[in-house]
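**Q** Would you mind keeping the following structure in view while I ask a few things?
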């Protein structure tokens with residue numbers, strides 16, 4: 001089935017965004033506008049993405065939200081999510097806006113991107129977010145040696161690295177019973193197959209790929225989900 005990309009202008013003149021996001025749409029419109037005016041200049045999105053930010057980046061990121069909600073017991077006291085390699089805020093900023101009752105930690109090593117993320121947190125009024133300038137590998141070490149970080153309920157990532165590398169960067173960040181929920185492309189099943197040894201090495205189990213629907217008429221994305229033993 002062929003899918004046509006929807007422009008930002010088309011989506012703003014439809015009811016879809018309001019239907020999908022409700023009150024959260026106000027915050028996400030701030031994010032979209034900031035990306036449209038500054039994102040390309042600051043190296044966060046490509047020139048071809050400027051007019052399709054909603055579908056390419058925000059709606060794509062939001063597709064992970066139902067999987068995060070389903071992975072955490074609603075009665076769990078500390079609902080914590082780490083977004084590894086947050087970059088321009090995908091999916092971390094979108095997840096934080098959509099899930100205000102979750103504590104979100106954005107992990108990003110590049111100073112200029114950390115500056116961007118902090119600006120987004122401030123301008124969107126997100127009080128459930130911590131931005132951490134650090135490499136994921138160092139966060140793993142901090143958790144291992146109990147240096148102020150605690151294992152997370154969920155770890156997310158988007159367009160960071162193949163699962164052969166991601167497994168070692170992300171699975172050790174999870175508590176027992178937690179989940180890695182990675183937004184991936186069509187190659188996700190092959191990535192899981194290639195990463196089998198690494199997944200087992202770092203305590204992962206039951207790896208699966210799921211279609212992640214965006215909305216009717218939109219091409220679904222995919223999530224790779226790996227449980228932590």
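The values are calculated or read from the model by the stated rules, or taken from the named source; none is laboratory data. Fair warning: this is a prediction, and the values are worked out from it, not measured in the lab. As a convention, Cβ positions derive from the backbone with ideal geometry for all residues, glycine included, and neighbour counts pool all protein chains shown.
**Q** Looking at the range 134-149, which of the residues that are in contact with a helix residue (DSSP H, G or I) (Cβ under 7 Å, 6 or more places away or on another chain) and assigned to a loop (DSSP other than H, G, I, E, B) is nearest to residue 221 (Cα to Cα)?
**A** Here the residue is 149.
**Q** Continuing with the same structure: Of all residues in the range 174-201, which are buried (at least 17 other Cβ atoms within 10 Å of the Cβ), farther than 23 Å from residue 58 by Cβ and free of Cβ contacts under 8 Å to residues at least 40 places away in the same chain? If you could, list the steps in order and put the result at the bottom.
**A** Step one: filter the range 174-201 for residues buried (at least 17 other Cβ atoms within 10 Å of the Cβ), giving 174, 178-184, 188, 191-192, 195, 198-199.
Filter again for farther than 23 Å from residue 58 by Cβ, leaving 174, 178, 191-192, 195, 198-199.
Answer for the range 174-201, where residues must be buried (at least 17 other Cβ atoms within 10 Å of the Cβ), farther than 23 Å from residue 58 by Cβ and free of Cβ contacts under 8 Å to residues at least 40 places away in the same chain: 191, 192, 195, 198, 199.
**Q** Here's a follow-up. For the condition outside any helix (DSSP H, G or I), in contact with a helix residue (DSSP H, G or I) (Cβ under 8 Å, 6 or more places away or on another chain) and either over 27 Å from residue 162 (Cβ atoms) or without any contact (Cβ under 8 Å) to a residue 12 or more places away in the chain (or both), what is the one hit in 83, 73, 127, 51?
**A** Values: 83 fails: either over 27 Å from residue 162 (Cβ atoms) or without any contact (Cβ under 8 Å) to a residue 12 or more places away in the chain (or both); 73 fails: in contact with a helix residue (DSSP H, G or I) (Cβ under 8 Å, 6 or more places away or on another chain); 127 fails: in contact with a helix residue (DSSP H, G or I) (Cβ under 8 Å, 6 or more places away or on another chain).
Every option except 51 fails the conditions.
**Q** For residue 22, which of the numbered conditions (1) without any contact (Cβ under 8 Å) to a residue 24 or more places away in the chain; (2) in contact with a strand residue (DSSP E or B) (Cβ under 8 Å, 6 or more places away or on another chain) fails to hold?
**A** Unmet for residue 22, out of (1) without any contact (Cβ under 8 Å) to a residue 24 or more places away in the chain; (2) in contact with a strand residue (DSSP E or B) (Cβ under 8 Å, 6 or more places away or on another chain): (2).
**Q** Within the range 165-173, identify whether any single residue is surrounded by fewer than 17 Cβ atoms within 10 Å (Cβ to Cβ) and touching a helix residue (DSSP H, G or I) at 6+ places or on another chain (Cβ under 9 Å), and answer yes or no.
**A** To start, the set of residues in the range 165-173 that are surrounded by fewer than 17 Cβ atoms within 10 Å (Cβ to Cβ) comprises 165.
Imposing the further condition that a residue be touching a helix residue (DSSP H, G or I) at 6+ places or on another chain (Cβ under 9 Å) reduces the set to 165.
Yes, because at least one residue in the range 165-173 is surrounded by fewer than 17 Cβ atoms within 10 Å (Cβ to Cβ) and touching a helix residue (DSSP H, G or I) at 6+ places or on another chain (Cβ under 9 Å).
**Q** Identify all residues within the range 150-162 that are modelled with pLDDT under 95 and either in a strand (DSSP E or B) or in contact with a strand residue (DSSP E or B) (Cβ under 8 Å, 6 or more places away or on another chain) (or both); write none if there are none. Outline the logic, then answer.
**A** Of all residues in the range 150-162, those modelled with pLDDT under 95 come to 150, 159-162.
Of everything in the range 150-162, those that are modelled with pLDDT under 95 and either in a strand (DSSP E or B) or in contact with a strand residue (DSSP E or B) (Cβ under 8 Å, 6 or more places away or on another chain) (or both) turn out to be 150, 159, 160.
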